[in-house]
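Take a look at the structure below.
The values are calculated or read from the model by the stated rules, or taken from the named source; none is laboratory data. Quick caveat, the model's predicted, so the values are computed rather than measured. For neighbour counting, all protein chains shown are included, and Cβ atoms are generated from backbone atoms with ideal geometry for every residue, glycine included. Just so you know, the surface numbers come from the protein's heavy atoms only, side chains and all, with ligands and any DNA or RNA stripped out. Shrake-Rupley method; radii C 1.70, N 1.55, O 1.52, S 1.80 Å.
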Amino acid sequence: MSEDKVIVANKGMVRADFNFWVGRYLDKFLDNLENKKLVGNKCPKCGDVFVPPRKICGKCNITIPIDQNWVDLPDTGILKNYTITPYRVNDRTDRKAKDLLLGMIQIDGSNTAIVYKLLNLKPEEIKTGMKVKIEWAEKPKGDPSDIKGFVKI
Amino acid sequence: MEKVGIVGYYQVKLYSDANYGRYEMIFEAVRGAIDMAGLKKKDISTVISCTNDYYDGRTISNCFTVEVGGGYMTDESKVEMDGAHAVLYGLMRILSGNHKLALVWGGSMASCFPYHSTRLFETDPTWERPLAYVNDITSAGFQMRSYMEKYGVSAEEIASVAVKNRKNAARNPLALAEAQNVNINVKEVLASDIYADPVTELMVAQPCDGVAAILLAPERLALKITDKPVWITGVGFSQEPYYLGDRNLYESKSMELAGKTAFESAGIKDPKREIDVAELFESYAHEELILAEALGLAEKGKGANINSEINGDISINPSGGATSGNPPCATGLIRVIEAARQLRGEANGYQVNNAKKAVASGQIGMCAQNNILFVLEGGN
């Protein structure tokens, strides 16, 4: 902002945190994460396997019943895509000293990809199509950060 | 489709940090469009605004823009997507037969808020947001890599799109000064700061301050107002699944579908031959290629091989596209205005010869999840 402007930096007079309920499907998924286990669910019509699990298959426009079609998934997958960013993704004005290596990983046996950090890798070692494995958090809490990231197998 | 004409438009000069407030800016654009058409405020029967509560820092943000946005004691409604989507809403209101003259405006001031942080609020709050790995920048990195690896396109080829658009922007007096550069080259684009590898700073359509407005009228009224109406002859609109992992980021299925619908309604069989100008909303240089390919303006993976300069095989983004300035909520609307400018022969400095048919697109979402396409024709 230019120096001569009068700026009202508005932090807000109230604090209004929004509490999102994760829902029954993600709840079950996160319970499993806490035990270092990965589960997904399968659309009864097209057979696509989703991780994290979904209530609805958008393509088929049907509900995947909560008590059915759960699939145990391995902790391995394939790196489908990656990017390297020197910025904290939630604020690009805040430059981090270290590059953040992010990958889109398709868990073996699933039909979608999830975005996580790539660990213990140099940028030049990353190749699309390489096999990777989950690095679990030491003390899982039942939230998305239980997967610390993925390492090369 | 019944003919609806664009009878007036106005875009303010884009700034990275405008020295005047958003209300003055909105008023300038709205009043400018009304004056261009030689009309009065009372002639407007419906107003569609396009803003975003997150970008405006308040809820129901259009309640504050009533007076400046031409909405005083008028039928007014808001679209919280891209300005091009607001044009669709205005178009539908005219086609309903209930409204005679629609004023559509959109815009915001990106200098007031951390744009990329705000985009984080677009992500899934239960799964993606806590980790904050996905935002517009990182997803653009994924999208560009996916496109390069799928089709064997080089970073140089993508950087040359940014070079073309920044050179075109230099000929567009309303473009963001920071985007205007006649001497830019591919090397410079590649050497600029890395946003999310392989995307670099100069490949990004930088968020900025700006507002644009447009006036729509049904055929008979349009012909009374102006002897140079621009007709909307086709429109298509589609969107892709939300999760990036569900999509093929190297292509744009939603733009393909939007194009199919729009071309069908406009009676266009061979877009590559029939379209003279394309004003596409590319948030990043590589998106221009992906979108052009989705519209059949180039073969898949070969977008970089066509000559898309002004008066080339097909002129893509002669105004500089979104790279020439990306005021959130206005960018797609500006594409429509730029296409109209070309068809009226008013693009001084970057006019495409003999421009008869044009397309203009808008988008919203990560990796252009949602695309809208208009086919426009000049003459009466």
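Accessible area per residue was computed with a 1.4 Å probe on protein heavy atoms; A:F20 scores about 90 Å².
Using the alpha-carbon centroid of each, what span in Å lies between region B:121-174 and region B:257-304? If you average the Cα positions of each part, the centres end up 18 Å apart. Accessible surface of region B:336-380, 1.4 Å probe: 39 percent of it comes from carbon and sulfur atoms. Rounded to the nearest Å, what's the spacing between the alpha carbon centres of region A:114-153 and region B:180-222? Just the number, please. Value for the Cα centre distance between the two parts: 34 Å. Largest GNM mean-square fluctuation across A:G129, A:G142, A:G103, computed for chain A with C-alpha springs under 10 Å, falls on A:G129. Rolling a 1.4 Å probe over the protein heavy atoms leaves B:V68 with an accessible area of roughly 30 Å².
Of B:K260/B:K357; B:K40/B:K356; A:K80/B:K260; B:K78/B:K100, which pairs sit farther than 21 Å apart, going by alpha carbon to alpha carbon? Cα-Cα > 21 Å for B:K40/B:K356; A:K80/B:K260; rest within.
One compactness figure for region B:111-252 is 1.33, namely its Cα radius of gyration divided by 2.2 N^0.38 Å.
Solvent exposure of B:F121, expressed as accessible area, is near 100 Å², computed with a probe of 1.4 Å over the protein chains only. Identify all aspartates and glutamates with a Cα-Cα distance to B:K3 below 18 Å; exclude those on the same chain that are fewer than 8 residues away in sequence. Within the straight-line cut-off, B:K3 pairs with B:E219, B:D227, B:E264, B:E377. Once C-alpha pairs closer than 8 Å and six or more residues apart are averaged by separation and normalised to the residue number of region B:1-86, the relative contact order reads 30 percent. Surface analysis of chain B yields an accessible area of 35 Å² per residue, using protein heavy atoms and a 1.4 Å probe.
Sorting B:164-170, A:114-120 by their mean Cβ neighbour count within 10 Å, with the most densely packed peptide first, gives B:164-170, A:114-120. Averaging the sequence gap over all C-alpha pairs within less than 8 Å and six or more residues apart, then dividing by the number of residues, gives chain A a relative contact order of 21 percent. Counting only aspartates and glutamates at least 8 places from A:K5 when in the same chain, those with an alpha carbon closer than 19 Å to its own are B:D17, B:E24, B:D56, B:D209. Need one number: buried accessible surface between chains A and B, 1.4 Å probe, both sides summed, DNA, RNA and ligands left out, in Å² to 100. That pair of chains buries around 3100 Å² in total. Taking the square roots of five times each eigenvalue of the Cα gyration tensor of region B:124-205, the equivalent ellipsoid has semi-axes of 27, 17, 10 Å, listed largest first. At a 1.4 Å probe, what is the % contribution of carbon and sulfur to the accessible area of region B:190-310? Roughly 47 percent, rounded to a whole number. Report note on the peptides B:359-368, B:230-239: ranked by the mean count of other C-beta atoms within 10 Å, highest first, their order is B:359-368, B:230-239. Cross-link pairs exceeding 22 Å in C-alpha to C-alpha distance, out of B:K150/B:K253; A:K45/A:K141; A:K37/A:K152, comprise A:K45/A:K141.
Per the Debye formula on identical point scatterers at the alpha carbon atoms of region B:3-151, with no solvent, log10 I(q)/I(0) at q = 0.09, 0.18 Å⁻¹ is -0.37, -1.06.
Straight-line reach from A:K42: taking Cα to Cα under 20 Å and skipping same-chain neighbours fewer than 8 places apart, the lysines in range are A:K28, A:K55, A:K59. Loop sites by DSSP among the GluC sites (Glu not before Pro) of chain B, restricted to those with at most 16 other Cβ atoms within 10 angstrom, leave B:68-298 as the longest stretch without any of them. For region A:1-86, the share of accessible area belonging to carbon and sulfur comes to 50 percent (1.4 Å probe, ligands and nucleic acids excluded). Shape analysis of the protein assembly as shown yields a ratio of the Cα radius of gyration to the Kirkwood radius, Rg/Rh, of 0.98. Accessible surface for region A:26-125, divided over its residues, is 49 Å² per residue with a 1.4 Å probe.
When chain B is treated as a GNM with alpha-carbon contacts under 10 Å, the residue of B:V104, B:V199, B:V182 showing the greatest mean-square fluctuation is B:V182. Averaged over peptide B:87-98, the number of partner chain Cβ atoms lying within 10 Å of each residue's Cβ comes to 0.
Using the alpha-carbon centroid of each, what span in Å lies between region A:16-86 and region B:1-21? Between the Cα centre of region A:16-86 and that of region B:1-21, the gap is 43 Å.
Annotation note: trypsin sites (Lys or Arg not before Pro) in region B:254-321 located in DSSP loop regions with a Cβ neighbour count of at most 16 within 10 Å are B:K269, B:K300, B:K302.
Normalised by the number of residues in region B:198-327, the average gap of Cα pairs under 8 Å and 6 or more apart makes the relative contact order 30 percent.
For the residues of B:120-133, the average number of beta carbons from a partner chain within 10 Å of their own beta carbon is 5. Inter-chain neighbour count for B:241-250: the average number of beta-carbon atoms from partner chains within 10 Å of each residue's beta-carbon is 5.
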